[in-house]
Every structure is written in structure tokens, then in C-alpha cells.
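See structure below.
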Amino acid sequence: GRHFEHITIPAGTYAIFETDRSRYPTETFLNLRRRIVSEWLPGTEYRLADAPELAVYHWFREQKEQRYIELWMPIEKK
């Protein structure tokens, strides 16, 4: 059987990004994260917060070319 664990994520501020829609968005996921940290974040008044990063997979069976991943990055003011 399946075993699930329930966790509580503390309230916080998250910047949410999405991969392009494609059959295999996992191929671009790590590049997206790298660009967020090296290009987007330095140009803002935020830094990464000490909280979980979340990846939300939108994995459609029928619409394979529309799959994407949301990356939730915890941020806080510098």
C-alpha cells in the first residue's frame, strides 16, 4: 500500500515560478531553479528564507504536452 506522511509547512512568503509546458518538464526544472537563484533573486530585495522549497507537479495523462512544475521558493526581505 501507499504510505503518506503529513507535514505542516509554516506560513511564509513564497515566490512561485513555473517551468514551460512540455511533455517532460523535469528536464528544465533544475535549470529554472538555478536561474531563480542566480539571476532573479539577486535583483530583488529578497533572499531565500529558511523554509521548505516546494515542487508541485501538474502531470496530465491526456494532455502530455501541457505538463509543468511549479517551484515555490521561500523568500524573506533582506
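Read-outs: derived from the displayed coordinates by stated rules, not from any lab. These numbers come from a predicted model, not from an experiment. Neighbour counts are summed over all protein chains in view; Cβ atoms, including those assigned to glycine, are modelled from backbone coordinates with ideal geometry.
Numbers for the structure displayed
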{"quantity": "The chain: relative contact order as a whole-number percent, Cα under 8 Å and 6+ apart", "calculated": "43"}
{"quantity": "If the convex hull is drawn through the Cα atoms of the chain, its volume per residue in Å³", "calculated": "111"}
{"quantity": "Nonlocal amide H pairs with E53, under 5 Å, H built at 1.01 Å", "calculated": "none"}
{"quantity": "Farthest toward positive dipole pole in the chain [+1 Lys/Arg, -1 Asp/Glu at C-beta], among F29, A51, H6", "calculated": "F29"}
{"quantity": "Net charge of neighbours whose Cβ lies under 12 Å from the Cβ of T28, counting Lys and Arg as +1 and Asp and Glu as -1", "calculated": "+3"}
{"quantity": "Global geometry of the stretch 37-78, whether rounded, prolate or oblate, following the gyration tensor of its Cα atoms and the 1.5 cut on a/c", "calculated": "prolate"}
